[in-house]
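Worksheet for the structure shown next.
The values are calculated or read from the model by the stated rules, or taken from the named source; none is laboratory data. Just so it is clear, the model here is predicted, and its values are computed rather than measured. Don't worry about glycine lacking a Cβ; one is built from the backbone with ideal geometry, like all the others, and counts go over all protein chains shown. Each accessible area value is taken on the protein alone, full model and side chains, heavy atoms only, with ligands, DNA and RNA left out. Shrake-Rupley method; radii C 1.70, N 1.55, O 1.52, S 1.80 Å.
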Amino acid sequence: MSYNPSYCWILALALGPFFTQRVRDPQRVPKTITQLYSYYIYNILKNHSREIENPRDVLLRVGQMAFRGVSEKKIVFTDGDLIKFNLQPSQFLSGFLMELLERQDSARSVVYTFPHLTIQEFVAAVAQFLNPHPGDILIFLTEAHNTTDGRFEIFLRFVVGLSSPMTAQGLEEFLGPFPHQTTCRVIDWVKEEVKHQSGNMRSEAGKRSLLNTLHYLFESQNRGLAQATLGSVETLSFSQLPLTPIDCAVLSHVIGLCDTIKHLDLWDCHIQCEGIQRLGPGLHKCQELRLGLNNLGDSGVKLVSVALRNPECKIQKLWLYNVSLTDSGAEDLASALSTNPSLTGLNLGYNQLGDSGVKLVSAALRNPECKIQKLRLNNVGLTDSGAEDLISALSTNTSLMVLNLSHNSLTDRSVPALRHLILILPSLECIELYGNRFSETGKKELRSLQEPRPGLTVIV
């Protein structure tokens, strides 16, 4: 967010007074986007409210105009719009609206716009939340949520965010108490939406809807609401849905509140290092992590390694398939693996490990506490030289059931060691070796091992 100049300006206005205080209250640091914008509007009201008799009334009228604009995808307003909502230009109003000079043919006229669309959406949300008819809020929420073009996406997050007492606290100084009845109705609406969407993760539209509802939970900062709505959810799947770093922060928040989530599927979600950094605090709580096809790089995998080192780590299956990991980053991962007794499945396929990277991983696999049952090192640049260390390490692992070394550069030189590995590991059920450089004789020799071992599959 800080890379956007408009947001930088909003941040400066919202948080400027906080950073100039001699004694700062950590509780006032905004945790959500709604809280940030609440501070922004609070500072406008604090600096301009004395210039007008009834700031609440005027703000509500500005908010109604803003809501009409959001509904109609309108960001520029005229004098006619101001008259329609019983508004007139004033110093107070200038805190919310900017005047622009518009030229039409030979004439000039003044038009008005909010400094940023998100400010328009926030003011619109405040107006709907403070509507004197609390029953109307459910109508607005339902109609806005059913609009599929995304125009109400941020507006809805703001409305839910305003249900948080911490968010409303500052604004109540100028706008009066936020209706408890409205707060309850908003919370009940979120509860139903999350429950409805939590089982809808098959389609892209379903995943997007669920993600939006998780944003509602984040903005509400309501621990009880999150636990009540996600208390029975074990899987969160957003595979192939692009996620921003803010989306990742929201997921981390939700996982942190709910101990039931065991499987987190973020396969091919365009996550990079910043995204995994936001996810970091909650990763160790999941039993299965699918992070494949994300450009994490060595620095991103290092953050995953931190989760593996957590004494309370519950990760059993870790998918780091094609995440741009190199031998340089493998050292930190291997160190974390050597201290983690919970991991039973590891997929490092399609990374640039090379023999040196695989050697580091092999050292971790030698740990007597290693419980790896399924190991995938397909297409990692492994040669016969690196295979010696790996096979030696795996020879001591009595838990190994599945081994994938396909699409590497192994030759007949590795056949004796592979035969030995297969013979001494009674737990081994499947070994995949296709796509290497074995001769037909070598392939035949490896396949022959299936005869004395019923239940063993050798794919070569």
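Summary table
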item	result
Test: residue in region 147-154 that is of a type in the set (Asp, Glu), buried (at least 20 other Cβ atoms within 10 Å of the Cβ) and touching a residue at least 40 places away in the same chain (Cβ under 8 Å)	no
Among (1) surrounded by 13 or more Cβ atoms within 10 Å (Cβ to Cβ); (2) over 19 Å from Asn379 (Cβ atoms); (3) in contact with an Asp or Glu (Cβ under 9 Å, 6 or more places away or on another chain); (4) not aromatic (Phe, Trp, Tyr), the one test that Thr441 misses	(1)
Scope region 279-311; condition under 24 Å from Thr260 (Cβ atoms), small (Gly, Ala, Ser) and either touching a strand residue (DSSP E or B) at 6+ places or on another chain (Cβ under 7 Å) or crowded, with 21+ Cβ neighbours inside 10 Å (or both); matching residues	Gly282, Gly292, Ala307
Residue in region 354-364 that is open to solvent by 10 Å² or more (accessible area, probe 1.4 Å), under 27 Å from Cys286 (Cα atoms) and either of a type in the set (Lys, Arg) or under 33 Å from the mean Cα position of the chain (by Cα) (or both) present	yes
Cβ pairs under 6 Å, 6+ apart, first in region 59-70 and more than 14 Å from Phe96 (Cα to Cα), second modelled with pLDDT of 95 or more and among the aromatic types (Phe, Trp, Tyr)	Val70/Phe155
Selection count where residues are in contact (Cβ under 8 Å) with a residue 40 or more places away in the chain and either touching a His at 6+ places or on another chain (Cβ under 7 Å) or open to solvent by 40 Å² or more (accessible area, probe 1.4 Å) (or both), scope region 49-58	3
Those helices (runs of 4 or more DSSP H) lying entirely in region 149-251 with at least 3 residues of a type outside the set (Ser, Thr, Tyr) and within 29 Å of His263 (Cα to Cα)	153-161, 180-197, 204-220, 223-230
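Residues checked against (1) in a helix (DSSP H, G or I); (2) open to solvent by less than 10 Å² (accessible area, probe 1.4 Å):
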| residue | (1), (2) |
| --- | --- |
| Gly381 | no, no |
| Gly386 | yes, yes |
| Asp389 | yes, no |
| Ala393 | yes, yes |
| Asn397 | no, yes |
| Leu403 | no, yes |
| Leu418 | yes, yes |
